[in-house]
Structure formats: structure tokens, C-alpha cells
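Inspection log for the structure reproduced underneath, given as C-alpha cells.
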Amino acid sequence: MIKNERLIPFGIGKRTCMGELLARNEICLFAINLIQRIQFLPPKHNPQPDPSKYLVNLTRIPDDFHIRLFQLLVKKVSIKI
């Protein structure tokens, strides 16, 4: 991975953050937890994002948009040792 000099949230060189790997893993776990527990659906009463209106630079950035969220039922598992 090449570090972009305009975006260095964890520092660079000798000043690199020692917690960078931990922070990246925490973000990954947080995102996975959301995906497993919440269902993301398109809005009912608001317009969906239009891909033809995305801002295109290095990445495609949509305008602000609404989503519906539903909590999924998670089965709790107990383990006896």
C-alpha cells in the first residue's frame, strides 16, 4: 500500500502511530458487526442516489442520500464448558 502524502492519519516515518494496526482492525470489526446485525435498504419516501450524478475524481462520490435500517435478529449462542 502506497501512503498518500495528503492523507496521513497515522503519521509517517519515525512518527508513525504504534496503534495504526489496532485502529484499522477495530474499524474492520465495527463494519463487519454492522453488516451482520443491520439490513441496509433503499429509502421508501426519498429518492435513491443517481449514479450518473456521482462526483468522479479518484473515487466515485455520491451526493447525500437516505437509507433504511432494520435490525436483524441475532441468535445468542451459549457454550457450556
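The values are calculated or read from the model by the stated rules, or taken from the named source; none is laboratory data. In this text, all values refer to a predicted model and were calculated from it rather than measured experimentally. Positions of Cβ are generated from backbone atoms using ideal geometry, with glycine treated the same way; all protein chains shown enter the neighbour counts. SASA here: full protein model, heavy atoms, side chains in, ligands and nucleic acids out. Shrake-Rupley method; radii C 1.70, N 1.55, O 1.52, S 1.80 Å.
When Cys17, Cys28 are checked against the criterion of being surrounded by 10 or more Cβ atoms within 10 Å (Cβ to Cβ) and not in a loop (DSSP other than H, G, I, E, B), a single residue qualifies: Cys28.
Collect the residues in the stretch 31-53 that are open to solvent by 100 Å² or more (accessible area, probe 1.4 Å) and over 30 Å from Phe10 (Cα atoms), keeping them in residue-number order.
Once the filter is applied, which keeps residues that are open to solvent by 100 Å² or more (accessible area, probe 1.4 Å) and over 30 Å from Phe10 (Cα atoms), the stretch 31-53 yields Phe40, Lys44, His45, Pro47, Gln48, Lys53.
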